[in-house]
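**Q** Dropping a structure here in structure tokens format, bear with me for questions.
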Amino acid sequence: MVITRDKSFYKTLISLEIPISLQNLITFAVGFVDNIMIGSLGGDAISGVYMGNQPQTVLQMFVGGMVGASLVLATQYRGKRDTQSIRKVVSVGIKGSVIVGVIMSVAAIAFPEQIIRVFTPENEGVVMEGAAYLRIVGVSYLFFCISQVFIAAMRSVEVARIGLYVSILALGLNAGLNYVLIFGKLGFPAMGVRGAAVATLISRIVEAAVIIFYVFKVDKRLQLKLKDLLQTDRILLKDFV
């Protein structure tokens, strides 16, 4: 093992690692906030939301694999300053993530009770609460997949902080909307677990919208265009898979 003494290497490593680590933590915390804030509604609601968040955990594993593959390939081209190939990698990653997101969203919307019964087949109250939550929050899966790939695209060109910022925005928005929609504040009706699901859905939509705007309108490093996402490099696709 070779240990470098180049201080600039460690400075760059820390500047990238800290935002990435915090962003991953906050991503998991969005669902965790739902579990905490729903606590006063009783055991069935708590367990239902917890079970309703299990498909999100599965989704994050799939997306994590795609993001990891994207970063491995993109980093190779980053060293060569080949941004055109990085854009091709992002195109492959976004297509794969959209496919997974659509499949997971459709399954959650169409078969919420069946999915919840995989995790808790006995308690009918938990199944009903979990299904009500999952049917709504499942719509957010597609937006989550899109945002994570674009965040990874920014990481590949050493722009790691934007992922942290949009995740903090999503977490704060989710917590605020949870308070309003779960308990019926500011004139809104108390929606219980459905309110938690709607809050998560809105926060994921906003998260995706912000990162998409940044990638296409603000970023100057990758300079990704819509036409780049419509192209597929067969060789890169094989490497990605």
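The values are calculated or read from the model by the stated rules, or taken from the named source; none is laboratory data. These figures come from a predicted structure and were not determined experimentally. Here the Cβ is made from the backbone with ideal geometry for all residues, glycine too, and neighbour counts use every protein chain on show. SASA here: full protein model, heavy atoms, side chains in, ligands and nucleic acids out. Shrake-Rupley method; radii C 1.70, N 1.55, O 1.52, S 1.80 Å.
**Q** Evaluate the following for Asn35: is it modelled with pLDDT under 85, part of a helix (DSSP H, G or I), within 14 Å of the chain's Cα centre (by Cα) and not small (Gly, Ala, Ser)? Break it down into steps so the answer makes sense when it comes.
**A** On the way: modelled with pLDDT under 85: yes; part of a helix (DSSP H, G or I): yes; within 14 Å of the chain's Cα centre (by Cα): no; not small (Gly, Ala, Ser): yes.
In short, no.
**Q** For the range 148-172, which positions are within 24 Å of Gln76 (Cβ to Cβ) and either among the β-branched types (Val, Ile, Thr) or under 14 Å from the mean Cα position of the chain (by Cα) (or both)? Step through it out loud before you land on a result.
**A** So in the range 148-172, the residues within 24 Å of Gln76 (Cβ to Cβ) come out as 148-163.
Of everything in the range 148-172, those that are within 24 Å of Gln76 (Cβ to Cβ) and either among the β-branched types (Val, Ile, Thr) or under 14 Å from the mean Cα position of the chain (by Cα) (or both) turn out to be Gln148, Val149, Phe150, Ile151, Ala152, Ala153, Val157, Val159, Ile162, Gly163.
**Q** Given the conditions (1) buried (at least 21 other Cβ atoms within 10 Å of the Cβ); (2) outside any helix (DSSP H, G or I), which single one is not true for Pro121?
**A** Status for Pro121: all satisfied but (1).
**Q** Please indicate, with yes or no, whether at least one residue in the range 140-150 is open to solvent by 40 Å² or more (accessible area, probe 1.4 Å) and out of contact with any Ser or Thr (no Cβ under 8 Å at 6 or more places or on another chain).
**A** yes
**Q** Report, by residue number, each residue of the range 170-215 that is at positive phi and either touching a residue at least 12 places away in the same chain (Cβ under 8 Å) or open to solvent by less than 30 Å² (accessible area, probe 1.4 Å) (or both). Explain how you work it out, then say what you get.
**A** Residues of the range 170-215 at positive phi: 184, 186-187, 192.
Hits for the range 170-215 are Gly184, Gly192.
**Q** On to the next question. Exactly one of these conditions fails for Lys225: (1) open to solvent by 40 Å² or more (accessible area, probe 1.4 Å); (2) more than 21 Å from Gln148 (Cα to Cα). Give me its number.
**A** Only one criterion in (1) open to solvent by 40 Å² or more (accessible area, probe 1.4 Å); (2) more than 21 Å from Gln148 (Cα to Cα) is unmet by Lys225, namely (2).
Rundown of residues vs (1) in a helix (DSSP H, G or I); (2) more than 21 Å from the chain's Cα centre (by Cα); (3) farther than 17 Å from Ser140 by Cβ, yes/no style:
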| position | (1), (2), (3) |
| --- | --- |
| Ala45 | yes, yes, yes |
| Gln56 | yes, no, no |
| Gln60 | yes, no, no |
| Val67 | yes, no, yes |
| Val72 | yes, no, yes |
| Tyr77 | yes, yes, yes |
| Gln84 | yes, yes, yes |
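**Q** Among the residues of the range 38-57, which ones are at pLDDT 85 or above and either open to solvent by less than 50 Å² (accessible area, probe 1.4 Å) or in contact with a Phe, Trp or Tyr (Cβ under 8 Å, 6 or more places away or on another chain) (or both)? Explain how you work it out, then say what you get.
**A** To start, the set of residues in the range 38-57 that are at pLDDT 85 or above comprises 44-57.
Those that are at pLDDT 85 or above and either open to solvent by less than 50 Å² (accessible area, probe 1.4 Å) or in contact with a Phe, Trp or Tyr (Cβ under 8 Å, 6 or more places away or on another chain) (or both): Ala45, Ser47, Gly48, Val49, Met51, Gly52, Asn53, Gln54, Pro55, Gln56.
**Q** Let me ask something else. Can we say Met128 is over 13 Å from the mean Cα position of the chain (by Cα), surrounded by fewer than 18 Cβ atoms within 10 Å (Cβ to Cβ), among the aliphatic types (A, V, I, L, M) and assigned to a helix (DSSP H, G or I)?
**A** Taking the combined requirement at face value, the residue satisfies it.
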